[in-house]
Amino acid sequence: MAGTQNKNTQQATPETVWALLQEVAASQKDTDRQIKELTQSQKETDRQMKQLRQEIGGMAHNQGSFAEEYFFSAFDSGKRNFFGERFDSIEKQLKGHWEGENDEYDIVMFNHESVAIVEVKYSANEGDIAQVKKKAGTFRVMFPGYAGFKIYLGLASMSFPEKLERKCTDEGIAAIKQVGDAVVVNDASLKVF
């Protein structure tokens, strides 16, 4: 046993050091390759996520456009007796600009003394009420020719939770929803803004 050496306790020679350096270099090349593959995989994942966000945004936009068109068509097809009044004209996506401020109104109906502003959502939520109420103030600024007109507000949605409908009517805003093939307007507690 005295003549045998343990492999682990061998003296380092230039050949063994060289072999060890070659193993480390090969291992480093393999690590670099794995990092490069991971980086490429991450870039592909980022690209796919960006594409998915664009597609989801496009679907949401399409749903919103569908809802706007649905309610606009319902109001425009002779069913303009809303808010206890008859409206003579209707506009969609009316844009207003005033002193650096901009706003857009989904549906606006007019007669000789009143304006009805309807904000349209595919699926409304409670946060939309504040947005609708803000429209009355911005409309008066953006369109000063209607300053003396009564302004009525409505929130229209394809999906309208009952609690949200109650909240709208409590705030004096008409709740407008799709029920089957009909448009139902709950304007029982409507107020002038």
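FYI, it's all coordinate maths here, none of it is from the lab. No experiment lies behind these values; they were computed from the predicted model shown. Every residue, glycine as well, gets a Cβ built from its backbone with ideal geometry; the counts of neighbours run over all protein chains shown.
Computed from backbone phi, the HN-Hα couplings of region 107-121 come to 9, 10, 10, 10, 9, 6, 9, 9, 10, 10, 10, 10, 8, 10, 10 Hz, rounded to whole numbers (Karplus: 6.51 cos²θ - 1.76 cosθ + 1.60, θ = phi - 60°; Gly and Pro given as x). Per-residue Cβ neighbour counts within 10 Å put Ser123, Ser114 in the sequence Ser123, Ser114, beginning with the fewest. Taking amide H as placed 1.01 Å from N in the peptide plane, Ile151 has its amide H under 5 Å from the amide H of Val115, Phe193, each at least 5 places away in sequence or on another chain.
Contact order, relative form, for region 14-193: 15 percent (alpha carbon pairs under 8 Å, 6 or more residues apart, mean separation divided by residue count). Charging the Cβ of each Asp and Glu at -1 and of each Lys and Arg at +1, and nothing else, the dipole of region 14-193 about its Cα centre rounds to 360 debye. Cβ crowding within 10 Å ranks Ile107, Ile151, Ile35 as Ile35, Ile151, Ile107, fewest other Cβ atoms first. In sequence order, region 184-193 has phi-based couplings of 10, 10, 9, 10, 4, 10, 4, 10, 8, 9 Hz under the Karplus curve 6.51 cos²θ - 1.76 cosθ + 1.60, θ = phi - 60°, and Gly or Pro positions carry x. In region 72-158, Cα pairs under 8 Å separated by at least six residues give a relative contact order of 27 percent. Neighbours of Lys135 by Cβ distance under 12 Å: Lys/Arg scored +1, Asp/Glu scored -1, total -2. With K and R counted +1 and D and E -1, the other residues having a Cβ less than 13 Å from that of Glu113 yield a net charge of 0. Taking 20 Å as the limit for the C-alpha separation, the pairs Lys95/Lys134; Lys95/Lys163; Lys95/Lys191 exceed it in the case of Lys95/Lys163; Lys95/Lys191.
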